[in-house]
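One structure is given below, encoded as structure tokens.
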């Protein structure tokens, strides 16, 4: 590049022979004293070496010679100022290139180098050439670094040292030598050309912004060095990093043309810092809604606290995506769980989700798992109010004492969003959360809606793959993920890890695969669609222990479980997060379990695939449909596919409503369950009362509530051998367990009838 050629810019000052009225004996600025008429200066017309030249008697401590014209100094341009001089007589002075730096409005630029190194003239008549390079950037070979603000100069020389010597000066030469500093055919704009200094201390915000503005579609180059940026910087062009940047935590670095982890890693030279600054930019309204990890592996020594990284707000409701890479936990102490035990008070009526009077409340961390007597599964600390001595919980407790000791355990997560009050429309996709057996995966914010986790791997989480501590799981989509536990070789009974939990309505859990967790998921509310998942929880030891794959912890489910492969696991339905029936009396209701494949191998006879566990008084079954499923046991047989755990409470079986269990297929199940159930009731000897026991077929220990039909099979024979044509009447809820019926005839008879019995209340028209 040469601006004289490309832009027609005039750099060369006029020859001395054109007159001395444009040559200043001061700094060269307008109004300064010139050499025109100066008694100590003259023009020499025929010097043997120089031809016409300038001769001056040094009479001042610093004898200045400056061209009064404004020689332009453009960003990215470098000028060489050179001159030939010789001593004629008298004392020998020193000579140096010098200039006055001017900025906008003709104002001086302070604190810049205004002269080069001096050269001593020590031989009369010897021609000595003196030169210096002037430019904005602090580059090797640049003698006078004037920064980005200098736009012109008054150039010339200084004579220093002893007075009394006579010196002749050839015409001063100023030329554009920018080409010496060019690279890559000028497809980049170098931040150093705009005054950037990579010393790790100087604030380079203005230089970066100026270079970005000048780039106009070209790349911006950040050369070797550490470039400190004191405040937020937005780069609107692509940036090449040979050096790195350093910024305060609160300052945001926004790379709008290359927004992704690889660019941030180049910018900051550190994986953890790059991820932190990239997430900060993502959640601060960049032009991008997606932070692409670029297929890279990011190694973390401690949790990535996304709220701390963002730093300037705690709510966010715009679509934001983090995608395409691996986040891996290193084997460091930064992942160690933190556990404290404290005493607190609880009142189910007045504070269903609060602990009060908490001892040493400041030691309890938001996001901690809460354990204690009467505490259900997956109860977390949603928030801590130290001032009012309250801990807010994700769900109610079912049987906690008024005051008792609780254990609070804070797991550590690769991505931790718990500091946010609310985040909506967040998407995590195509990420391998490689917990390496040291960390947990993702902790969601306190609140939010329609967040999505899709096509991710959760590899070897120590405790949890995904944790919701509040309502950020509302409307969550958990789709096409692989959950690979850290407990592949651990016996079922010894496992501690859980895939994920949900606390509120409307989750969509679809097409996931989970291997050998203690539980695939714990679901604490209603309105779920659970389809196409495969979760298996046996062990290589061949033990007969099995745990629940899916746990529902609220009685009112309003849920569809369909098309899943339930492998050596159970579906458990409790009321541990709602120990009291609702005021409208729904109780255990709204559950459809349809068209699933249930498989178990080498289990005990008492094993069952579907378990109900009421907690609290007054619960009943109300609106449950179990249909079209395949129940298969390999290597042994089980008694039945469903059961009730009544260790804490019993169902009110007299209130069973809308229970349907039909069209299921049973393999190696001794007592297939169904409702309604049709079975033969018979008497080989004449009797006017026949007893039918339906307890082996009716699900969940329910009663024979109603006989809906009695159909003879063949003739009904009286004691005299004649055929009886009268209809019997029947009695339901007979026997100790009320699962028998009695068929009463008008006279003693024998024969067979098919009776259809229901375990639920039949309404009246």
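The values are calculated or read from the model by the stated rules, or taken from the named source; none is laboratory data. Just so it is clear, the structure is predicted and the values come from calculations on it, not from any experiment. Note that each Cβ is placed from the backbone with ideal geometry, even for glycine, and that neighbours are counted across all protein chains shown.
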In this structure, does residue 375 turn out to be in a loop (DSSP other than H, G, I, E, B) and either surrounded by fewer than 24 Cβ atoms within 10 Å (Cβ to Cβ) or more than 22 Å from the chain's Cα centre (by Cα) (or both)?
yes
Mind checking which strands (runs of 3 or more DSSP E) fall wholly inside the stretch 481-566 and carry at least 3 residues that are more than 26 Å from the chain's Cα centre (by Cα) and either surrounded by fewer than 22 Cβ atoms within 10 Å (Cβ to Cβ) or touching a residue at least 40 places away in the same chain (Cβ under 8 Å) (or both)?
556-562
Enumeration of residues in the stretch 97-124 that are in contact (Cβ under 8 Å) with a residue 40 or more places away in the chain, surrounded by fewer than 19 Cβ atoms within 10 Å (Cβ to Cβ) and farther than 28 Å from residue 191 by Cβ
118, 120
In the stretch 133-180, how many are free of Cβ contacts under 8 Å to residues at least 60 places away in the same chain, assigned to a strand (DSSP E or B) and farther than 30 Å from residue 51 by Cα?
1
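Please specify each residue of the stretch 125-142 satisfying the condition of being crowded, with 17+ Cβ neighbours inside 10 Å and modelled with pLDDT of 95 or more.
Those that are crowded, with 17+ Cβ neighbours inside 10 Å and modelled with pLDDT of 95 or more: 130, 132, 133, 134.
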The stretch 55-78, subset under 12 Å from residue 150 (Cα atoms) and assigned to a loop (DSSP other than H, G, I, E, B), residue farthest from the chain's Cα centre (by Cα):
70
Pairing a residue in the stretch 638-652 that is assigned to a strand (DSSP E or B) with any residue that is at pLDDT below 95 and crowded, with 18+ Cβ neighbours inside 10 Å, where Cβ atoms lie under 7 Å and the two sit 6 or more apart in sequence or on different chains, gives 644/651
A careful count of residues in the stretch 242-252 that are surrounded by fewer than 20 Cβ atoms within 10 Å (Cβ to Cβ), over 14 Å from residue 200 (Cα atoms) and free of Cβ contacts under 8 Å to residues at least 40 places away in the same chain gives 2
Residue check, residue 727 in a loop (DSSP other than H, G, I, E, B), free of Cβ contacts under 8 Å to residues at least 40 places away in the same chain and farther than 30 Å from residue 400 by Cβ:
yes
Strands (runs of 3 or more DSSP E) wholly inside the stretch 191-230 containing at least 3 residues that are touching a helix residue (DSSP H, G or I) at 6+ places or on another chain (Cβ under 8 Å):
219-222
Against the condition more than 26 Å from residue 371 (Cα to Cα), crowded, with 24+ Cβ neighbours inside 10 Å and not assigned by TED's automatic domain parsing to the domain that holds residue 572, how does residue 435 come out, does it pass?
no
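So that you can scan it fast, the table gives a plain yes or no per residue for (1) over 30 Å from the mean Cα position of the chain (by Cα); (2) closer than 29 Å to residue 275 by Cα; (3) surrounded by fewer than 16 Cβ atoms within 10 Å (Cβ to Cβ):
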{"residue": "312", "(1), (2), (3)": "no, yes, yes"}
{"residue": "330", "(1), (2), (3)": "no, yes, yes"}
{"residue": "333", "(1), (2), (3)": "no, yes, yes"}
{"residue": "336", "(1), (2), (3)": "no, yes, yes"}
{"residue": "343", "(1), (2), (3)": "yes, no, yes"}
{"residue": "348", "(1), (2), (3)": "yes, no, no"}
{"residue": "354", "(1), (2), (3)": "no, no, no"}
{"residue": "381", "(1), (2), (3)": "no, yes, no"}
{"residue": "390", "(1), (2), (3)": "no, no, no"}
Any idea how many residues of the stretch 424-450 are closer than 16 Å to residue 507 by Cβ and within 11 Å of the chain's Cα centre (by Cα)?
6
For residue 78, work out the one condition from (1) within 18 Å of residue 47 (Cβ to Cβ); (2) at pLDDT below 95 it doesn't fulfil.
(1)
Within the stretch 261-303, take every residue that is at positive phi and modelled with pLDDT of 95 or more and give me the one that is farthest from the chain's Cα centre (by Cα).
269
Does any residue of the stretch 700-709 turn out to be assigned to a strand (DSSP E or B), exposed (fewer than 15 other Cβ atoms within 10 Å of the Cβ) and touching a strand residue (DSSP E or B) at 6+ places or on another chain (Cβ under 6 Å)?
yes
The stretch 243-258: number of residues that are in a loop (DSSP other than H, G, I, E, B) and either over 28 Å from the mean Cα position of the chain (by Cα) or farther than 21 Å from residue 181 by Cα (or both)
9
